[in-house]
1. Pull up the stretch 32-45, narrow it to residues that are open to solvent by less than 60 Å² (accessible area, probe 1.4 Å) and part of a loop (DSSP other than H, G, I, E, B), then point me to the one that is farthest from residue 145 (Cα to Cα).
2. Quick one: in the stretch 1-31, of everything that is among the small types (Gly, Ala, Ser) and assigned to a loop (DSSP other than H, G, I, E, B), which residue is most open to solvent (accessible area, probe 1.4 Å)?
3. Please note which strands (runs of 3 or more DSSP E) are completely contained in the stretch 91-181 and include at least 3 residues that are of a type in the set (A, V, I, L, M).
4. Within the stretch 21-36, does at least one residue satisfy the condition of being under 12 Å from the mean Cα position of the chain (by Cα) and in contact (Cβ under 8 Å) with a residue 40 or more places away in the chain?
5. Inside the stretch 48-73, can you point out the residues that are open to solvent by less than 20 Å² (accessible area, probe 1.4 Å), small (Gly, Ala, Ser) and within 19 Å of residue 169 (Cα to Cα)?
6. Could you check, for the stretch 89-99, whether at least one of its residues is modelled with pLDDT of 95 or more and either among the aliphatic types (A, V, I, L, M) or buried (at least 23 other Cβ atoms within 10 Å of the Cβ) (or both)?
7. For the stretch 145-167, what are the residues that are crowded, with 17+ Cβ neighbours inside 10 Å and either within 24 Å of residue 67 (Cβ to Cβ) or small (Gly, Ala, Ser) (or both)?
8. With respect to the numbered conditions (1) within 20 Å of residue 13 (Cβ to Cβ); (2) open to solvent by 20 Å² or more (accessible area, probe 1.4 Å); (3) modelled with pLDDT of 95 or more; (4) in contact with a Leu (Cβ under 7 Å, 6 or more places away or on another chain), which one is the sole condition not fulfilled by residue 121?
Amino acid sequence: MNIIPGEIEGLWLIEPEIHGDNRGYFFESYHHDKFTEAIGFPISFVQDNESLSAKGIVRGLHFQAPPFGQSKLVRVVAGSVLDIALDIRKNSPTYGQYQLVELSATNKKQFFIPEGFAHGFLTLEDNTIFQYKCSKYYNPQSEMGIYWNDPDLCINWPKLAILSSEKDKKLPLFREFTTPY
C-alpha cells in the first residue's frame with residue numbers, strides 16, 4: 001500500500017496494492033503498523049460507521065469538538081464520492097483551505113482526516129456505500145459543522161442536483177464559525 005501525504009499537512013491518501021485475477025481481487029485495506037509509521041504518530045480506531053446514499057447526497061461538513069475530536073479513515077465500498085477535508089486548525093497556515101479527493105469502489109483509495117478538519121462528501125452514484133473508521137466514539141453534544149455550500153469557501157462541487165439534511169442546511173457559515181481547534 002502507498003501512503004501519500006495530502007495537499008494539506010496532516011491529510012493522507014492511501015492507495016492499496018490490488019492483486020486481481022479471473023477469480024476477483026484482494027487488497028490489504030488497513031495495516032496498523034504501516035499506517036502509524038507513515039503518519040508519524042500512534043492511532044487506534046474504536047468505531048466503524050457505514051452509510052448508504054443515493055446520487056447527489058451531501059453529508060457534512062462535520063466534526064467533533066475536543067475532547068471528543070475524531071480522526072477518520074474513510075473509504076467507499078460501492079459507488080463513488082467526492083470527499084472533502086477542510087482545515088479548521090486556527091494556527092495552521094492552511095486554515096480555511098480544503099482538499100477534495102475522489103474515492104470509489106473502483107480506485108479503492110482511502111483518505112485519512114485527522115482531528116482539526118471538518119469532513120464531508122458528495123455521492124456521485126446511486127447506492128454509494130461509504131465506510132469510515134473513527135479514533136474516538138461519537139458524542140452527540142460535541143458534534144459541530146460548517147455549511148457545506150458556503151460561498152466564501154468556494155468549494156468546487158460538481159453540477160449535480162444536491163440534497164442535504166435539514167440539520168446540515170442550518171450549519172453556520174465559515175465566517176460565523178469559531179473553531180475549537
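1. 43
2. Taking the stretch 1-31 as the starting set, the residues that turn out to be among the small types (Gly, Ala, Ser) are 6, 10, 20, 24, 29.
Within this subset, residues satisfying the condition of being assigned to a loop (DSSP other than H, G, I, E, B) are 6, 10, 29.
Working: 6: 23, 10: 23, 29: 42 Å².
Going through the qualifying residues, I end up with 29.
3. The qualifying strands (runs of 3 or more DSSP E) are 98-104.
4. no
5. 53, 56, 60
6. no
7. Once the filter is applied, which keeps residues that are crowded, with 17+ Cβ neighbours inside 10 Å and either within 24 Å of residue 67 (Cβ to Cβ) or small (Gly, Ala, Ser) (or both), the stretch 145-167 yields 145, 146, 164.
8. Every listed condition holds for residue 121 apart from (2).
The values are calculated or read from the model by the stated rules, or taken from the named source; none is laboratory data. Note that the structure is a prediction, hence the values are computed from the model and not measured. Quick reminder, even Gly has a Cβ in these numbers, built from the backbone with ideal geometry, and neighbours come from all protein chains shown. Areas reflect the complete protein model, heavy atoms only, side chains present, ligands, DNA and RNA absent. Shrake-Rupley method; radii C 1.70, N 1.55, O 1.52, S 1.80 Å.
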